[in-house]
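J.: Input: one structure, supplied below.
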Amino acid sequence: MQFYFPDSQDQVDPSFDFVTERRSIHRVRQRDDRYAHEIIEPPPYDGLLISKPIVDGLPGGTAAKYTEAQRNRLYRGGARRFFRLDQRGEGLRIMGDCGAFTYVREHKPVYTVEEVLDFYEECGLDLGITMDHLIFGYDAELDTKSASDVPEDWRFRQDLTIDLAAEFLRLHRVRKCRFEPMAVAHGWSPLSYAGAVTRLQSIGYRRIALGGMVPLKTPDILDSLKEVSVALDPDVELHLLGITRTAHVQDFAGFGVTSFDSTSPFRQAFMDERDNYYTLDGSFVALRIPQVDGNTRLRRLVTAGLADQRSARRLERDCLGRLRSYDEGGAGVEAVLDAILEYAELLGTSKDLSTEYRRTLEAKPWQQCPCTVCRKIGVEVIVFRGADRNRRRGFHNLAVFSERLRRELERADTRV
Ligand SMILES: [Zn+2]
């Protein structure tokens with residue numbers, strides 16, 4: 001089972017000093033900053049997924065996440081060089097897609113098939129996903145009703161995705177493209193997913209991604225996969241777009257899934273309310289100690305005369321100081337907790353996380369983790385503060401996630 005990590009140019013600065021919070025004055029972002037596969041040993045994923053809208057932006061829509069310079073570097077040198085896979089992570093593969101979420105509201109996808117092929121070819125990708133159009137809806141009951149009960153827009157999007165895939169494969173052959181093509185099947189029920197897969201197989205696809213499953217409940221995903229597996233040719237492999245339900249990875253594998261992608265392990269580090277720091281069997285909340293500098297809420301309070309900048313700074317320093325002392329066996333849990341809660345109160349934080357904070361502090365999970373991030377920066381990984389800590393915690397989560405995945409798959413092996 002291969003895990004692809006969708007790239008969003010999330011890198012960390014190795015020169016960042018956690019105590020002074022300063023960087024090397026010689027730092028050059030593109031040369032010195034590091035990707036997860038350069039920090040975590042071994043790389044925590046089997047490949048990267050790059051999305052055309054993130055690189056190029058959308059015509060008349062969303063801006064690209066890549067700068068002009070990054071885009072040029074990617075196209076000029078190819079993706080393998082851009083992500084420095086020649087130095088670390090040699091075995092990683094790079095997959096491309098069209099980021100269907102970004103144009104889901106449009107009547108039709110926004111790129112031409114030629115533009116998509118150009119993108120995959122010029123970047124030298126290993127795999128390229130056809131342009132698809134998301135269906136927003138799932139209703140298994142429709143399998144027992146007549147075809148006319150299916151919303152017209154859903155049929156339109158499924159047919160369009162298949163037509164685009166046919167055109168994509170035709171041009172892929174004409175141009176003798178080197179990357180491996182992957183189609184996307186969309187549906188609204190188990191039978192409609194299976195129907196899309198059947199049609200894509202007959203067009204000639206040997207790799208098919210299942211799209212639009214992110215909002216589905218796990219039993220619905222499993223029902224659809226079961227139906228798809230009945231229709232699946234033995235040499236065709238399935239990819240799950242945006243799905244990370246590790247507890248079911250052996251079921252997925254049993255239905256023909258050989259790969260999937262997801263940003264969740266990374267993003268939960270700083271987007272989730274509570275599950276910020278992964279462990280093999282669960283997760284912990286990260287300790288929120290935001291920076292005084294750049295905190296807009298605090299600035300407003302100071303301007304209004306409701307808070308004092310100096311006491312905020314003192315509290316911020318206290319939080320970090322006591323936490324480090326606790327880590328080394330000095331300060332007690334209460335002292336750290338008091339400082340963090342007092343600081344949170346000053347910042348006007350409404351959510352009470354004291355129970356969760358206590359749990360994190362008492363367990364000290366960062367002291368047991370063998371990943372390269374935790375070994376290198378220790379207690380700093382558990383602090384929810386700024387991109388350099390938050391992204392490293394995301395990298396740690398990726399390392400734990402890949403270990404969880406390995407463990408689940410081994411469990412499947414021993415069961416057989
Ligand atoms: Zn770790």
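Read-outs: derived from the displayed coordinates by stated rules, not from any lab. Predicted, not measured: the structure shown is a model, and the values here were computed from it. No Cβ is skipped: glycine too gets one built from the backbone with ideal geometry, and neighbour counts run over all protein chains shown.
J.: Where in region 294-401 are there helices (runs of 4 or more DSSP H), lying fully within it, with 1 or more residues that are away from the ligand (no atom under 16 Å from the Cβ)?
T.: Counting at least 1 such residues, we get 296-303, 309-327, 333-346, 354-363.
J.: Still on this structure: Got at least one residue in region 173-180 being among the hydrophobic types (A, V, I, L, M, F, W, C) and in contact with a Lys or Arg (Cβ under 7 Å, 6 or more places away or on another chain)? It would help to see each step written out before you state the result.
T.: Step one: list which residues in region 173-180 are among the hydrophobic types (A, V, I, L, M, F, W, C), which gives 174, 177, 179.
Okay, now just the ones that are also in contact with a Lys or Arg (Cβ under 7 Å, 6 or more places away or on another chain), so none.
Within region 173-180 (the criterion being among the hydrophobic types (A, V, I, L, M, F, W, C) and in contact with a Lys or Arg (Cβ under 7 Å, 6 or more places away or on another chain)), the answer is no, since none of the residues qualifies.
J.: For region 222-251, name all the residues that are assigned to a helix (DSSP H, G or I), touching a Lys or Arg at 6+ places or on another chain (Cβ under 7 Å) and over 23 Å from S264 (Cα atoms).
T.: Result: no residue meets the conditions.
J.: Considering each of D86, D153, D118, D143 in turn, give the residue that is in contact with a Pro (Cβ under 8 Å, 6 or more places away or on another chain), without any contact (Cβ under 8 Å) to a residue 60 or more places away in the chain and either more than 30 Å from K217 (Cβ to Cβ) or in a helix (DSSP H, G or I) (or both).
T.: Details: D86 fails: in contact with a Pro (Cβ under 8 Å, 6 or more places away or on another chain); D153 fails: in contact with a Pro (Cβ under 8 Å, 6 or more places away or on another chain); D118 fails: in contact with a Pro (Cβ under 8 Å, 6 or more places away or on another chain).
Exactly one of D86, D153, D118, D143 is in contact with a Pro (Cβ under 8 Å, 6 or more places away or on another chain), without any contact (Cβ under 8 Å) to a residue 60 or more places away in the chain and either more than 30 Å from K217 (Cβ to Cβ) or in a helix (DSSP H, G or I) (or both), namely D143.
J.: Okay, next question. Can you name the condition, by its number, that L92 falls short on among (1) free of Cβ contacts under 8 Å to residues at least 40 places away in the same chain; (2) within 21 Å of S402 (Cβ to Cβ); (3) of a type in the set (A, V, I, L, M)?
T.: Failing condition for L92: (1).
J.: Could you say which residue among G57, G96, G47, G78 is touching a Lys or Arg at 6+ places or on another chain (Cβ under 6 Å), surrounded by 14 or more Cβ atoms within 10 Å (Cβ to Cβ) and within 20 Å of G128 (Cα to Cα)? Give the steps one after another, and end with the answer.
T.: Numbers: G57 fails: touching a Lys or Arg at 6+ places or on another chain (Cβ under 6 Å); G96 fails: touching a Lys or Arg at 6+ places or on another chain (Cβ under 6 Å); G78 fails: touching a Lys or Arg at 6+ places or on another chain (Cβ under 6 Å).
Criteria check complete, one pass: G47.
J.: Note down all Cβ pairs under 9 Å where the first residue falls in region 370-389 and is farther than 15 Å from V19 by Cα and touching a residue at least 12 places away in the same chain (Cβ under 8 Å), the second is within 10 Å of the ligand (Cβ to nearest atom) and outside any helix (DSSP H, G or I), and they're at least six residues apart or on different chains.
T.: Once the first residue is farther than 15 Å from V19 by Cα and touching a residue at least 12 places away in the same chain (Cβ under 8 Å) and sits in region 370-389, its partners that are within 10 Å of the ligand (Cβ to nearest atom) and outside any helix (DSSP H, G or I) give C371/I40; T372/I40; V373/I40.
J.: Given the conditions (1) within 18 Å of the chain's Cα centre (by Cα); (2) more than 30 Å from E356 (Cβ to Cβ), report the number of the one that S262 does not fulfil.
T.: (2)
J.: Output yes when any residue across region 231-243 is without any contact (Cβ under 8 Å) to a residue 24 or more places away in the chain and among the small types (G, A, S), and no when none is. Break it down stepwise before answering.
T.: The initial filter retains those residues of region 231-243 that are without any contact (Cβ under 8 Å) to a residue 24 or more places away in the chain, namely 234.
Next, from what is left, pick out any that are among the small types (G, A, S): none.
For region 231-243, residues without any contact (Cβ under 8 Å) to a residue 24 or more places away in the chain and among the small types (G, A, S): absent.
J.: Same structure again: May I ask you to list the residues in region 10-36 that are surrounded by fewer than 16 Cβ atoms within 10 Å (Cβ to Cβ) and of a type in the set (S, T, Y)?
T.: Of everything in region 10-36, those that are surrounded by fewer than 16 Cβ atoms within 10 Å (Cβ to Cβ) and of a type in the set (S, T, Y) turn out to be S15, T20, S24.
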